[in-house]
Amino acid sequence: QVQLVESGGGLVQPGGSLRLSCVASGFGISNYAMSWYRQAPGKERELVATSTSAGISTSYADSVKGRFTISRDNIKNTVSLQMNSLKPEDTAVYYCNAVPAWIPTIKYWGQGTQVTVSS
């Protein structure tokens, strides 16, 4: 029932932009902290950006600060990641993550979407 589906990945040139979307079903995201993670081949999954359940506070990894923007639409039950000035180092599978605000031990994951930035 609970499902997160990412979309928007693809191949882009360095300096280009992509907008990833994550649509939640089976639950409402309004009381969930929503995050984007990414994992490159041979590397551990890393946290890229987080939006708290309030939808006001956001945080970013230093590597994407100033280039990526996370946003949420509680009505559409969607969280997005706007990625600008993309670099080859941004190449990874990007995953959507949801955590209940009051039950942080429960985590839901999407299937991931591939982002490839050509060098």
#### Entry: Cross-link partners of residue 43 among aspartates and glutamates (Cα-Cα below 19 Å; sequence separation of 8 or more within a chain)
62, 89, 90
### Rounded percent of accessible protein surface that carbon and sulfur make up, the chain, 1.4 Å probe
51
### Query
If you stretched the chain out fully between residue 19 and residue 71, how much longer would it get, using 0.36 nm times the residue separation minus the C-alpha to C-alpha distance?
17.7 nm
### Task
Give me the number: length gained by fully extending residue 44 to residue 107, i.e. 0.36 nm times residue separation minus the C-alpha to C-alpha distance, one decimal in nm.
20.9 nm
### Message
Rolling a 1.4 Å sphere over the protein heavy atoms, what is the accessible area per residue of the chain, to the nearest Å²?
### Response
53
### Query
Setting aside same-chain residues fewer than 8 positions from residue 87, which lysines have a Cα under 16 Å from its Cα?
65
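So for region 20-119, averaging the separation of alpha carbon pairs under 8 Å that are six or more residues apart and normalising by length, what relative contact order in percent results?
30
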#### Entry: For residue 85, net neighbour charge (Lys/Arg +1, Asp/Glu -1) across residues whose Cβ lies under 14 Å away
+2
### Summary
The Rg/Rh figure for region 1-69, Cα atoms and Kirkwood Rh, to two decimals is 0.98
#### Entry: Solvent-accessible surface ranking, highest first, for 51, 17 at 1.4 angstrom
17, 51
## Note on the structure
The distance between the Cα centres of region 63-119 and region 1-41, in whole Å, is 5
### Summary
Row for region 80-119, column shape: gyration tensor on C-alpha, a ≥ b ≥ c, rounded if a/c < 1.5 i.e. under 1.5, prolate if a/b over b/c, else oblate; value prolate
### Query
What lysines could a cross-link reach from residue 76, if we take a straight Cα to Cα line under 25 Å and drop same-chain neighbours fewer than 8 places away?
107
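What does the charge dipole of region 31-119 about its Cα centre add up to, to the nearest 20 debye, if the Cβ of each Lys and Arg holds +1 and the Cβ of each Asp and Glu holds -1?
It works out to roughly 80 debye.
Heavy atoms only, 1.4 Å probe, whole protein assembly: order 62, 90, 73 by accessible area, highest first.
On the way: 62 145, 90 5, 73 55 Å².
Final ranking, largest accessible area leading: 62, 73, 90.
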### Message
With bins 10 Å wide starting at 0, give me the P(r) of the chain over every alpha carbon pair, in whole percents.
### Response
15, 50, 29, 6, 0
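The values are calculated or read from the model by the stated rules, or taken from the named source; none is laboratory data. Treat the numbers as computed from the prediction; the structure is a model and nothing was measured. Neighbour counts are summed over all protein chains in view; Cβ atoms, including those assigned to glycine, are modelled from backbone coordinates with ideal geometry. Surface areas here come from the heavy atoms of the whole protein model, side chains and all, with no ligands, DNA or RNA. Shrake-Rupley method; radii C 1.70, N 1.55, O 1.52, S 1.80 Å.
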